[in-house]
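The values are calculated or read from the model by the stated rules, or taken from the named source; none is laboratory data. Quantities reported herein were computed from a predicted structural model and do not represent experimental measurements. Glycine also receives a Cβ, built like all others from the backbone with ideal geometry; neighbour counts cover every protein chain displayed. Note: accessible area is taken over every heavy atom of the protein model, side chains too, but ligands, DNA and RNA are not part of it. Shrake-Rupley method; radii C 1.70, N 1.55, O 1.52, S 1.80 Å.
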Amino acid sequence: MKRCSWCGNDELYIKYHDEEWGVPVFDDRKQFEFLVLESAQAGLSWITILRKRENYRKAYDDFDPVLVANYGEEKIQELMRNEGIIRNERKIRASINNAKRFLEIQKEFGSFCNYIWGFVNHKPIINSWRSVSEHPAKTELSERISMDMKKRGFQFLGPVIIYSHMQATGLVNDHVVDCFRYEELSSGSYEIK
């Protein structure tokens, strides 16, 4: 079975590739989870974040944006002491700020999914890469989304992080064409998350 080369032989990476990466996400809490994880990943490898994902779920109340938006200084200090997550104070504070902005978007658009999927007319962009080396780090669209989110007060979500978010949540299908997931996701034969 052919896969995108980036997942290598790591079982956690393979599971993530086979079951999640590129599958369209229409669940706001899952979108929020990826925003927190993607912003935590800035400057680090994705596998580092995947290995800490369960710790993040516990530390961040299963990524409930309402709860995260209400974290105060005591919770910030608790997170700073949590060895199971990335203990970067700016990233932690940004995640709380972003939860507040996330709730504002939900209020304005009815859901975060309505907002983010609106940038792609509510259907995934299907790319046709032959090699992982063809993947862009960012695109004009990820720059536009990032700029809009920054105007709305989001932090730690630049165009590269937003493009990673788009890949993770299926706004774009960036599986290489000979990967077994490419056809499944292009044809719509997948489980909606």
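For I86, what is the net charge nearby, where nearby means another residue's Cβ is under 15 Å from its Cβ and Lys, Arg count +1, Asp, Glu -1?
Values: positive: R51, K52, R53, R57, K58, R81, R87, R90, K91, R93; negative: E33, E38, E54, E78, E83, E89.
Charge balance near I86 sits at +4.
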When Cα extents along the principal axes in Å is calculated directly from the model, which label among (1) 52, 33, 30; (2) 49, 40, 31; (3) 49, 36, 27 fits? (3)
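Measure off, as a whole percent, the carbon and sulfur share of the 1.4 Å-probe accessible area of the stretch 1-104, all protein chains present.
On the way: 2320 of 5040 Å².
Heavy-atom surface of the stretch 1-104 belonging to carbon and sulfur, 1.4 Å probe: 46 percent.
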Under the rule of at least 5 residues apart or a separate chain, name every residue whose amide H is placed under 5 Å from the amide H of V172. I125, Q167
Phi to ³J(HN,Hα) by Karplus 6.51 cos²θ - 1.76 cosθ + 1.60 over the stretch 43-60, Hz, x for Gly, Pro: x, 10, 8, 5, 5, 4, 6, 4, 5, 9, 4, 5, 5, 4, 4, 5, 5, 9
Please list, in order along the stretch 146-154, the HN-Hα scalar couplings obtained from phi with the Karplus expression 6.51 cos²θ - 1.76 cosθ + 1.60 (θ = phi - 60°), rounded to whole Hz, x for Gly and Pro. 4, 4, 5, 5, 5, 4, 7, x, 5
So for the stretch 97-151, if I pair up every lysine 8 or more residues apart or on another chain, how many of those pairs have alpha-carbons under 17 Å apart? 4
